[in-house]
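Some notes on the structure that comes next.
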């Protein structure tokens, strides 16, 4: 696991990880010093005569010129408290360094994964489960840093503290050190033997159940109307309950396992103290009291350390599935750049599709086979064909979302490639059958991608008027600042389509693509939308319009209509 984790930590964070390793060592040393500072106080409590009989204490007493044992005790206590306060303050600063590293890495991983999924393109997104991608970006990255990396830091720090205490105790009394090992080693071994395989299984079970639960909830709210009509919510609820039962069951079992470290260490401590009393370790009088006190302090401090190590190890086993997700993403290979260019491609003559073919990776035959056509600037072209003929695929190819298996697409003399796709899309407007709307205001949906402060209000109003939305928006109390609702659920079908048209007009698109934009509307609304599109074309003779439609009546205003046959 160690090699896997080191391999998937981004190269830009590996230098910082070395500094974090140093802070872990320093924190262990500081915790050891804080514990060691309690020894003088313990000696003074258990053996008051040690002020003069103990060589070290006697030297300190004489060096600072104390004349009263009482003031010496007060001074020692103040010094101990001061050192511990300083230790805690420095420890907090070191822990802040570790914490910042953990959450900076979380931000980096989550952002990179978000960009990567976007940059993989439409084919990858369509072939993946959106809830799984969202969980990987939002949950898995966080679980990796807090459920894998932070426990590793805990284990490293606590093990170093354990070794320091063991060495110090061994130098003082080897038998007491051996007894410490005899107490905690069996407890840790027994815990590992009992829970190792269970934790692996529990982590995998919960991950799958959480994914199923998230997917079920998203589907329920997204498909509310259909589910209600088909009375399918009870079955969705049953799936939800099943996934929830698995999550709760696993969490309950894991909670039970998490109590075992404390039980084992407490039992071990009790046995160790009893063994010290019975063995007596060959000491008499005050020496046995001091040794017993030191042993008790060391053991009590090691109890939470051993407990933390066990708990951290359990977290590693439980969340190890995240390692595979992050490693498979190849974070260092992800290109984090986003093409946010506003440069517009020159379009003066035509769009040429030259002998293109396309086949999906998992498809058995070509969706488009050696298609060629030319669309002049300012032309209105309709495309019709049966379902499955490849009309939408053609649009995705023209938008640059898919790359042709053969052939090429040219805008004037510029071949459409991933390198210039952004410039091409900057002059294209796209209106689909189901216009995408964010859970924002009408303004934010028309000027999609722009902040409300940066919106050109004059251009916005012009787009609203041309899309025939003025009457509707003026009837709203908040006007363009009215929330559209999730997925535009506050708008009618015709209003959503007009929002899509207004969006294309706001960006001053030179090419408009309509993909079944009116097929889900009633006849009157469809006719109104088609009339609005035709009016746009008349007002702007250089506006190129390409329309996909099932009904020929929706293409009456087109200059020509092309038919795409099903490739069988």
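Every number here is computed from the coordinates shown, using simple stated rules; none is lab data. The shown structure was predicted, so the numbers you read here are calculated from the model rather than taken from an experiment. Don't worry about glycine lacking a Cβ; one is built from the backbone with ideal geometry, like all the others, and counts go over all protein chains shown.
Points worth noting:
- Among 437-444, 82-89, the order from most to least packed when residues are scored by Cβ within 10 Å on average: 437-444, 82-89
- Percent of beta bridges antiparallel (DSSP, segment 350-563, rounded to nearest 5): 45
- When each of 550, 330 is scored by the number of other beta-carbon atoms lying within 10 Å, the sequence from fewest to most is 330, 550.
- FRET efficiency, 1/(1 + (r/R0)^6) with R0 60 Å, evaluated for residue 81 and residue 129 via beta carbons: 0.55
- Peptides 303-310, 364-371, 211-218, 453-460 ordered by packing proxy, namely the average of other Cβ atoms within 10 Å per residue, highest first: 303-310, 211-218, 364-371, 453-460.
- Label-to-label distance, residue 560 versus residue 174, with points set 7 angstrom from Cα along the beta-carbon direction: 9.9 nm.
- Net lengthening on full extension, residue 490/residue 159 (0.36 nm per residue, minus Cα-Cα): 113.3 nm
- Zone residues, segment 205-219, relative to residue 439, backbone N less than 14 Å from point 7 Å out along Cα-to-Cβ: 217-219
- For 143, 403, 563, order by how many other beta-carbon atoms lie within 10 Å, fewest first: 563, 403, 143
- One decimal place: the segment residue 419-residue 451 gains 8.9 nm when fully extended, by the rule 0.36 nm per residue minus the C-alpha distance.
- Cα-based Rg / Dmax (Å) for segment 350-563: 17.4, 54
- Förster radius 41 Å - calculated FRET efficiency between residue 253 and residue 17 (Cβ-Cβ, nearest 0.05): 0.80
- C-alpha center-to-center spacing [segment 312-381, segment 385-447] in angstrom: 11
- Added length on full extension, which subtracts the Cα-Cα distance from 0.36 nm per residue, residue 328 to residue 91: 81.8 nm
- Packing-based ranking of 22-34, 93-105 yields 22-34, 93-105, ordered from highest to lowest mean Cβ neighbour count within 10 Å.
- Between residue 458 and residue 470, the simple spin-label model (points 7 angstrom out along Cα→Cβ) gives 1.7 nm.
- Taking 125, 326 and counting other C-beta atoms within 10 Å, the order from fewest to most: 125, 326
- The calculated FRET efficiency for residue 481 paired with residue 338, based on their beta-carbon distance and R0 = 22 Å, is about 0.20.
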